[in-house]
Amino acid sequence: DSGVTQTPKHLITATGQRVTLRCSPRSGDLSVYWYQQSLDQGLQFLIQYYNGEERAKGNILERFSAQQFPDLHSELNLSSLELGDSALYFCASSVGSGKTYEQYFGPGTRLTVT
Amino acid sequence: AQSVAQPEDQVNVAEGNPLTVKCTYSVSGNPYLFWYVQYPNRGLQFLLKYITGDNLVKGSYGFEAEFNKSQTSFHLKKPSALVSDSALYFCAVRDAGDDKIIFGKGTRLHILP
């Protein structure tokens, strides 16, 4: 158990809908990362937050947004969902914001868009 | 732009034999390199990292990796494979001059009893 929690574990929704994925980092970790894992795209880095501020941006679509709250938990909002958004979404956390820190991954949220 | 390549989709090794999972990278600055493992229906777990210093890095579960700057490689190794090592392995790189993190496509390791 990495100490990173994600809810829900599974989510099934229809095209055009909006969902929110939630992540709680390990105790003491200030950085949160979001990833999308799909069979065709592999593991794609979406976005990183550090202590409430956006720190780095990857291949995140404009329909997606995220934030990190004062208690350090984070939410990833996915809107106008398309079939291609079906994937496993991981949250990870690390102690600091720097590039040398390893990340600890949550168990993921499996999103199915029908 | 930075990139990571894991040239083998799958590697099969007999139990007890040494294993190698290959990773090559491309960055503009100094690389920070990581290996992670993913077991079925689980998140990724950190194995080891290279930041600076000794080119041979030791990590969890008996794994080690060798950083080779001239060949821009960071291959994962283990002297004696266990069936329980069967999993999906990811190499990742961060460029000292860029905030993004890039993961390879993953290599599925099968250890045959």
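The values are calculated or read from the model by the stated rules, or taken from the named source; none is laboratory data. It should be emphasised that the depicted structure is a prediction, and the values quoted were computed from it without experimental measurement. Neighbour counts are summed over all protein chains in view; Cβ atoms, including those assigned to glycine, are modelled from backbone coordinates with ideal geometry. We work out accessible area using only protein heavy atoms, side chains counted, and drop any ligands, DNA or RNA first. Shrake-Rupley method; radii C 1.70, N 1.55, O 1.52, S 1.80 Å.
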- Item | log10 of Debye I(q)/I(0), alpha-carbon scatterers only, for the protein assembly as shown at 0.12 Å⁻¹ | -0.65
- Item | Mean Cβ count within 10 Å, highest first, over the residues of peptides B:46-58, A:96-108 | A:96-108, B:46-58
- Would you mind working out the magnitude of the charge dipole of the protein assembly as shown relative to its Cα centre, with +1 at each Lys and Arg C-beta and -1 at each Asp and Glu C-beta, to the nearest 20 Debye? 140
- Based on the mean of other Cβ atoms within 10 Å per residue, sort peptides B:71-77, A:9-15, B:33-39 so the most packed one is first. B:33-39, B:71-77, A:9-15
- Task: Rounded to the nearest 0.05, what FRET efficiency do A:A14 and B:A5 give with R0 = 35 Å and r taken as the Cβ-Cβ distance? Could you check?
- Result: 0.40
- Inter-label distance, nm, simple model (7 Å from Cα along the C-beta direction), A:T112/A:E82: 2.2
- Message: 7 Å from Cα along Cα→Cβ at both B:T72 and B:S28: what's the point-to-point distance in nm?
- Response: 1.3
- Set the Förster radius R0 to 30 Å, insert the Cβ-Cβ distance between A:D71 and A:Q44 as r into 1/(1 + (r/R0)^6), and round the FRET efficiency to 0.05. 0.65
- Within the accessible area of chain A, what % is carbon and sulfur when the probe is 1.4 Å and the other protein chains stay in place? 47
- Message: Just to confirm my numbers, what's the Cα centroid distance between region A:48-114 and region B:5-65 in Å?
- Response: 23
- Most positive-pole-ward Cα, A:S27, A:G98, A:N77, against dipole of region A:2-114 from beta carbon charges: A:S27
- Task: Could you work out the mean count of beta carbons from other protein chains within 10 Å of each residue's beta carbon in A:29-36?
- Result: 1
- Computed on protein heavy atoms with a 1.4 Å probe, what is the summed buried accessible area for the chain pair B and A, in Å² to the nearest 100? 1800
